[in-house]
1. Across segment 212-224, what is the total count of residues that are part of a loop (DSSP other than H, G, I, E, B), in contact with a strand residue (DSSP E or B) (Cβ under 9 Å, 6 or more places away or on another chain) and not acidic (D, E)?
2. Hey, R226 hits all of (1) at pLDDT 90 or above; (2) out of contact with any Ser or Thr (no Cβ under 7 Å at 6 or more places or on another chain); (3) among the charged types (D, E, K, R) but one; which does it fall short on?
3. Of the conditions (1) modelled with pLDDT under 95; (2) surrounded by fewer than 18 Cβ atoms within 10 Å (Cβ to Cβ); (3) over 24 Å from the mean Cα position of the chain (by Cα), M213 clears all except one; give me its number.
4. Can you find a residue that is open to solvent by less than 40 Å² (accessible area, probe 1.4 Å), over 24 Å from N181 (Cα atoms) and under 24 Å from the mean Cα position of the chain (by Cα) anywhere in segment 248-255?
5. Residue by residue through segment 278-306, note down the ones that are assigned to a loop (DSSP other than H, G, I, E, B) and open to solvent by less than 10 Å² (accessible area, probe 1.4 Å).
6. Do you know which of the residues in segment 183-203 that are in a strand (DSSP E or B) and modelled with pLDDT of 95 or more is most open to solvent (accessible area, probe 1.4 Å)?
7. Just one of E176, E194, E185 is under 20 Å from H297 (Cβ atoms) and among the charged types (D, E, K, R); which is it?
8. Over 21 Å from T196 (Cβ atoms) and part of a loop (DSSP other than H, G, I, E, B), is that true of E168?
Amino acid sequence: MKSERNLEIAVEAFKRLGSARAAAKELGWNRSTFRHRLKRAAQKGLVGTEPVLPGYAIKSVASKAADGAWIKQVKEHGDVFKMPDGHTAKGYSALVDAEGKVIQKWIKTSQQASAVDIAETLKKAFEDYKPAARPAPEPTHTERDLLNLVVCNDWHVGMFAWHRESAEDWDLKIAERVIGNGIVEAVNRSPLAETTVVLGGGDLTHADNNNNMTSRSHNVLDVDGRHQKVVETAGRLMVLTIDAALRRSTRVIVRNLKGNHDEETAPSIAWFLHAWYRNEPRVLVDLDQSLFFYHQHGVVMLAATHGHQTKLPDMPQVMAHRRPEMWGASKFRYAHGFHIHHKSKFVTEGGGVICESHQAPIPQDAWHYGSGFLSGRSLQTLTYHADYGEISRVRVAMLDAANDNEPKEQAA
C-alpha cells in the first residue's frame, strides 16, 4: 500500500541522513508530515527493531546499551465503539497532547426517551393549551343592511403609568380589565348587524420589542413587563373583541393596522389571529401589510390609516386615487384616523369625505402628562347602513381606572 511505502521511505531517509530535518527536506515533505510518518513507522517496529507481536504496538523505546534496547509492548485498543441500545450521545471529552492531537476520547451517553415517553411529555405540556378557536354560535337574526365598525385604536398595551407622576395608575392587568370590559360593553350595545369590522387602528402595543423605545425617534417608553407578556395580553384582548363581535354578527372582518409603536408587532398579531380563527368560517382576517384599510358596504366607503405617515386631511385624495372604483360607487365616504389620541371632525360632506380621529381608552403616561396634553378617553363602535351611511354609534367612556385611584396614600 502507498501509506506503508511512505513509512518505509521515511525510515530509509532518516537512517541514511541521520536527521529528520534533512530527510524531510530531501523528500520534499513538510516536517510535521515526516515526523508523523516516522512516528507511525516506529510504532510498527520499522525503526531499528523487529516487528511487534500481532495485536500490539510499540509505545516507547529505551536504550540500555550499544548492543540492545528495551521494547515496551501494550495491548492495542478493543473493538469499535457501538452506541448501546436506547442511548444517545450527549457529549464528548478528549485528552490531547501538547500539539493538540487526540490521545484518548470519551463518549458520554444517556438513555433516550421512547416514543411513549415523548408522547406523555407532549401531552402534559399541552394539557392547558387551547388550539384554534372552535366555531361560535351564530346569532339567530341580524340586520342585513347594517355594518358595525369596532374601533380598536391606540390601546398601547404594556404602557405603564404611576399616579404620582401622571395622576393615574396603569399597567398590563389594569389595561386588560378596563379595555376588555369597555370593548365588550360597546359591542354588546351595538345593533345585531350582518357584518362587523374589527379594526385595529395601530399602536395596539406600547413598545415593539424589549428595547422599550420607539423604532424611529428612539423615545424611551414606560413599559410594564417583557414584550412577550405584552403581546400575549394584546392577543387576548383582540380575541375577546372578535368573540364578542361573533355573538352580534353573521360575519366578522378583522384588520390590524400598523402604527408607529407596533410596526413589527402588528403583523404578528394579525397572523396570530389568522391562525387562532382558522376553524371559524365566519371570521376573515385581512393580512394586508399596508398602512391603509378600505371597505365598501353598499354605497358606503370606509377607509382608515393610523396617521403617523399619511395625515388624516390627506385621506380623501388617497382614497379617490387608490380606490377609484370604490370612490365612484359610493355616496357616503368616511376616513378614520388615530395616533393623536383625541377626537376631531374637520371635513364635511361637501369635501366628499367625513374624516374623523378617535380618542384612545388609555390614560397619559408621565411624558404626555408632563407635556400638558389634554384629551378624553373612550371606546366606541359606529354603525353604517348600506343605503344611508352612519346611523348610530356607541360610546363607552373610560372612567373605571380613574375612580380606582382615589384616594392615594400620602408620600412619607
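The values are calculated or read from the model by the stated rules, or taken from the named source; none is laboratory data. Quick caveat: nothing in here was measured; it's all calculated off a predicted structure. When we count neighbours, we look across all protein chains shown, and the Cβ atoms used for this are built from the backbone with ideal geometry, even at glycine. When the accessible area is computed, the model is the full protein with side chains, heavy atoms only, and any ligands, DNA or RNA have been set aside. Shrake-Rupley method; radii C 1.70, N 1.55, O 1.52, S 1.80 Å.
1. 4
2. Failed condition: (1).
3. Result: M213 fails condition (3) only.
4. No, there is no match, as no residue in segment 248-255 is open to solvent by less than 40 Å² (accessible area, probe 1.4 Å), over 24 Å from N181 (Cα atoms) and under 24 Å from the mean Cα position of the chain (by Cα).
5. Here is the first cut: in segment 278-306, the residues assigned to a loop (DSSP other than H, G, I, E, B) are 278-282, 287-292, 298-299, 306.
Scanning segment 278-306 gives E280, H306.
6. Within segment 183-203, the match that is most open to solvent (accessible area, probe 1.4 Å) is E194.
7. E194
8. yes
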